[in-house]
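One structure is given here, and the rest of the page talks about it.
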Amino acid sequence: MTKSTPAGGTTGGPIAGAKRDMSRFVVNYERDEGGWWHAELQGLDGVLADGHDVEEARRQVRAALARVIGAPAAALVELVDEVRQPSGEERTQGSVEHIAGGPRSMAPPDPESL
């Protein structure tokens, strides 16, 4: 099984021929020394993004996912966030909406907004 990457290339999946549930993905977030947040979507090679904050990185990773699987499908995907705090701080798992600004709907964004 091959998958498209945002750059238009292809990459083999983790297990050739295996089908993956495309309705839920884990996204790892990590902040660099310059303060930028980098996001990497697990399960699809090459879906990477960054932002000034976690929320911006999350929007960018969803946009990258939309380029790979299409905007309508990406709008339905649940993203599960794993935020790695800089050294010395505790690792957090959960909704970026909850982490960054209080509880909000986990509903996917409107496909028109992608």
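The values are calculated or read from the model by the stated rules, or taken from the named source; none is laboratory data. What you see is a predicted model, and the numbers here were worked out from it, not measured in a lab. All Cβ positions, glycine included, derive from the backbone under ideal geometry; neighbour counts span all protein chains shown.
Tabulated data
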item: Single unsatisfied condition, Lys3 versus (1) of a type outside the set (Val, Ile, Thr); (2) buried (at least 17 other Cβ atoms within 10 Å of the Cβ); (3) at pLDDT 50 or above; result: (3)
item: Residue tally, condition outside any loop (DSSP other than H, G, I, E, B), in contact with a Leu (Cβ under 9 Å, 6 or more places away or on another chain) and surrounded by 21 or more Cβ atoms within 10 Å (Cβ to Cβ), over the stretch 34-57; result: 3
item: Every residue from the stretch 58-114 that is at pLDDT below 55, of a type in the set (Ser, Thr, Tyr) and either assigned to a loop (DSSP other than H, G, I, E, B) or out of contact with any strand residue (DSSP E or B) (no Cβ under 8 Å at 6 or more places or on another chain) (or both); result: Ser95, Ser105, Ser113
item: Residue check, Asp21 over 21 Å from Pro86 (Cβ atoms), loosely packed, with under 15 Cβ neighbours inside 10 Å and either modelled with pLDDT under 95 or of a type in the set (D, E, K, R) (or both); result: yes
